[in-house]
Amino acid sequence: MATAQEMGESFRRYRDDMPSSVQVALFLVLAVLSVAGAAVAGRLNPGLGGPTGVAALVLSALIASAVKVANQWQRGVVLRLGSFSGVRGPGLFVILPVIDRVRMIDMRVLTHHVRQQEVITRDNVPVTIDSVLFYRVVTAEDAVMKIQDYALAIGQLAQSALRDVVGGMTLDELLAEREQIAGQIGQHVEADSREWGLHVTAIRLQDIDMPEELKKIMSRQAGAEREKRATITKAEGDKLAAENLAAAAAIMKDTPGAMQLRTLQTIDGLGPSASNTVLLGVPIELMEFLKKLTAPT
């Protein structure tokens with residue numbers, strides 16, 4: 001069953017083969033002139049009016065079909081009796097009716113959605129990848145003469161290249177190096193499609209889907225990694241705090257009155273609230289005096 005993208009490509013080619021507005025307008029003008037000429041001929045000679053009108057309409061159709069218009073982004077590949085005759089456009093050009101056939105080629109950057117497909121990575125993990133390919137036609141002649149349907153061919157080529165590249169990488173490499181993987185796929189497609197007159201502009205991996213169980217495992221792994229970092233950070237903070245406290249204790253030990261100032265600062269930090277009551281059992285001066293008495297001489 002044809003996909004929406006393939007149906008869109010078919011409609012685009014059908015639209016390009018339809019008569020342009022210039023052809024329709026030219027045919028209408030010639031048809032009006034032909035009918036008017038046939039009417040005049042019929043008055044002069046009643047036996048020639050009908051055949052002359054039919055011949056004039058056929059001639060008008062042939063002249064209108066000989067005029068082609070290519071837009072600025074289009075090129076017309078002309079085949080004369082089945083053989084390549086040349087590339088025409090952009091603008092107005094004339095072909096030989098019935099003998100020549102024209103295939104219009106879009107030279108703009110085209111997009112091709114590479115359908116979602118499941119790929120097995122090197123470490124045997126099934127992943128579903130959705131990607132999009134950007135390319136353009138650089139040689140209209142090669143795109144018509146060397147490949148049957150370049151849009152379908154480059155899409156199939158991108159699918160096979162994606163499977164080959166992703167199949168040679170692990171899941172961690174796939175998730176961490178998406179740009180590098182896209183570049184490798186683009187190089188593979190570019191190398192194989194260059195002879196078709198195509199140039200790959202870019203390829204992007206839109207979505208990488210994994211089984212739900214694997215997602216849960218990765219989520220638990222990420223949570224454990226964050227908890228590990230938090231524990232290490234807390235331990236480093238405790239170590240740094242202990243080192244600072246030890247340094248502060250050494251300074252207060254060697255500085256007279258430092259402990260008393262620290263005690264007063266702590267009491268002041270309690271605030272003037274009535275619920276905060278501090279009872280000093282032994283005065284600080286008495287403690288300092290007892291330390292001096294008990295100190296060895």
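Please treat every number below as a calculation from the coordinates, not as lab data. These figures come from a predicted structure and were not determined experimentally. Note that each Cβ is placed from the backbone with ideal geometry, even for glycine, and that neighbours are counted across all protein chains shown.
For a label point 7 angstrom out from the Cα of PHE93 toward its Cβ, which stretches of segment 137-176 have the backbone nitrogen within less than 11 Å?
Counting only backbone N, you get 140-141.
Highest mean first, how do 226-232, 162-168 rank when packing is the count of other Cβ atoms within 10 Å averaged over residues?
Answer by packing, highest mean first, reads 162-168, 226-232.
Would you mind checking segment 141-179 for residues with the amide N under 19 Å from a putative spin-label position 7 Å along Cα→C-beta of GLN221?
Output list for this probe position: 166-179.
Given the peptides 242-251, 90-99, arrange them by the average over their residues of other C-beta atoms within 10 Å, most packed first.
90-99, 242-251
With label points built 7 Å along Cα→Cβ from the Cα atoms of ASP254 and LEU81, find their separation and express it in nm.
11.0
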